[in-house]
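Notes follow once the structure below has been shown.
The values are calculated or read from the model by the stated rules, or taken from the named source; none is laboratory data. Because the structure is a prediction, the values reported are computed rather than measured. Because the Cβ atoms are built from the backbone with ideal geometry, glycine has one as well, and the counts that use them run over all protein chains shown. These accessible areas exclude ligands, DNA and RNA; they are computed on the full protein's heavy atoms, side chains included. Shrake-Rupley method; radii C 1.70, N 1.55, O 1.52, S 1.80 Å.
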Amino acid sequence: MSGQETTSPAPGGGTAPPVRKPSWKMIGPGMVVAATGVGAGDLVATLVAGSKFGHTLLWAAVIGCVVKIALAEATGRWHLATGRTIFDGWRSLGPWTTVYFAVYVVLWGFVYGATAMSSSALPLEALFPDVMPLKVWAILTGLVGLVFVWTNRYAIVEKIMMVFVGVMFVVVVYVAIRVAPDLPRVFAGLLPVLPSGSIVYTLGLVGGVGGTITMAAYGYWINAKGWTDSGWMKMMRLDNRVAYLTTGVFVIAMLIVGAELLHSSHIALASGDKGLLDLDEILADRFGPFTAKLFLIGFFAASFSSLVGVWHGVSLMFADFVERLRAARGMDAATGVAPLARGEQERSRPFRGYLLWLTFPPMVLLWLDKPFGLVIAYGVLGAFFMPFLAVTLLWLLNTDRTPRAWRNGPLSNVLLAASAVLFLVLCVQELRDLPW
């Protein structure tokens, strides 16, 4: 990787890795996280919050950006400071982390695969009505995602994800401008206020949008980019901040659309991703077919970028998970993050095996209502993941597993501890909402 480099003494003596000067041209992994983490469901949740409470919860979206920056920075810092992956760090905390992740990643992939394919198919069916059934569109998007990730490496994945981010940004900001926001009310929304009945929506805005397993994948993507040591720390932090500021723009823009277009008209959206199709009809009535079609393109970019990001990032995590298990059993030599930087894991059997798992078994769920037991197990395991990530990062980055120079400072500890509490509260709320 190019760029200006300087060397400095290592904290414990010797020479530290060259410090790379941050460059806007090298931003990338963070945008992959942003494109993956903000899906159609997140856009609907934000719209609903705006439709119910207007601009009042804008401050929660801003705090949410700060929380995500802290979490992703901690994940990236672990990978760069230690030369170890996050799963390698989890294994050092005890076998319980391996058991949890093994069950979670298999079950989550099965259910998420169907969800991602259906979400990507919805805008395509609306853009091209009567061409083919929704289920066929869903299968097609899954197969396209499979072939794309199977045949390409991280560098190409990053480029296509940057395109998706650009499309999402232009569409969402354009629609927010078209609804002619009341700027004084928008700025008033930056003052922390909790209207009656808004606590769940507030927590969802702070913790839910962009807060998924893909935050843990961030470390894998920076390694795949070729950033493998602490010399890349400043570059990683710039990359991370730009990514979540972009996410913040998405969230604020959709909140404004919900407030201006739905709140004042007392219009309710359908639950789930289909709520975006309701918005498409509202936009068509108010602004004409061009704006409505443009919004559907943005809807597809949000959904399909999440599919591609998960197909790539979580498959990298699964490949690392298998490699660590094999090393623990003496079947392979233990390795650090170098195979990620060389692209070896993207060609590995576990990577491609998990790609197939994300694509083909979930197709069965497209024809079936999700079994009750599966929904409960998926909900429980998923609800615990973000608290699990926040707590384990606090643990890893405050002990001798991390070089002293890169351990948490007071600000990082406060933000990660606040994140852990926030996600635990959200976890309890998600468990209560499950159809027990």
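When the expected Rg is taken as 2.2 N^0.38 Å, what fraction or multiple of it is the alpha-carbon Rg of the range 22-431?
Relative to the 2.2 N^0.38 Å estimate, the range 22-431 comes out at 0.95.
Label-point separation (nm) for V99 and L434, each offset 7 Å from Cα along Cα-to-Cβ?
1.7
Quick one: of K68/K293; K68/K225; K225/K293, which pairs are farther than 27 Å apart, Cα to Cα?
K68/K293; K225/K293
Of S412, S306, S23, which is the most mobile in a GNM of the chain whose springs link Cα atoms less than 10 angstrom apart?
Highest fluctuation among the options: S23.
Which residue, G109, G39, G343, has the most motion in a Gaussian network model of the chain that connects Cα atoms within less than 10 Å?
So, out of G109, G39, G343, the one fluctuating most is G343.
So, for the chain, what is the accessible surface per residue at a probe of 1.4 Å, expressed in square angstrom?
Normalised by residue count, the accessible surface of the chain is 41 Å².
In the Gaussian network model of the chain, springs joining C-alpha atoms below 10 Å, which of I213, I156, I86 carries the largest mean-square fluctuation?
For the chain, modelled as a Gaussian network with Cα springs under 10 Å, the answer is I156.
Mind checking the full-extension length gain between T399 and S23? Use 0.36 nm per residue of separation minus the Cα-Cα distance, one decimal, nm.
132.2 nm
Under a straight-distance cross-link criterion of Cα-Cα below 20 Å, which aspartates and glutamates are reachable from K21, leaving out those fewer than 8 residues away in the same chain?
Within reach: E5, E73, D229, D239.
Say R0 is 35 Å: what FRET efficiency, to the nearest 0.05, do I297 and V414 get from their beta-carbon distance?
0.30
Just from its helices, what would the mean residue ellipticity at 222 nm be for the chain, if runs of 4 or more DSSP H residues each count -39500 (n - 2.57) and the sum is divided by every residue, rounded to the nearest 500 deg cm²/dmol?
Computed mean residue ellipticity for the chain: -23000 deg cm²/dmol.
Heavy atoms only, probe 1.4 Å: what % of the accessible area of the chain goes to carbon and sulfur, would you let me know?
67
Pairs of alpha-carbon atoms within less than 8 angstrom and 6+ residues apart define the contacts here; what relative contact order does the range 22-431 have, in percent?
Working: 596 pairs, mean separation 147.5, N = 410.
Here the relative contact order equals 36 percent.
Sort 169-176, 253-260 by packing, meaning the average of other beta carbons within 10 Å per residue, with the highest value first.
253-260, 169-176
What whole number of Å gives the distance from the Cα centroid of the range 127-144 to the Cα centroid of the range 216-230?
Using only Cα atoms to place each centre, the spacing works out to 34 Å.
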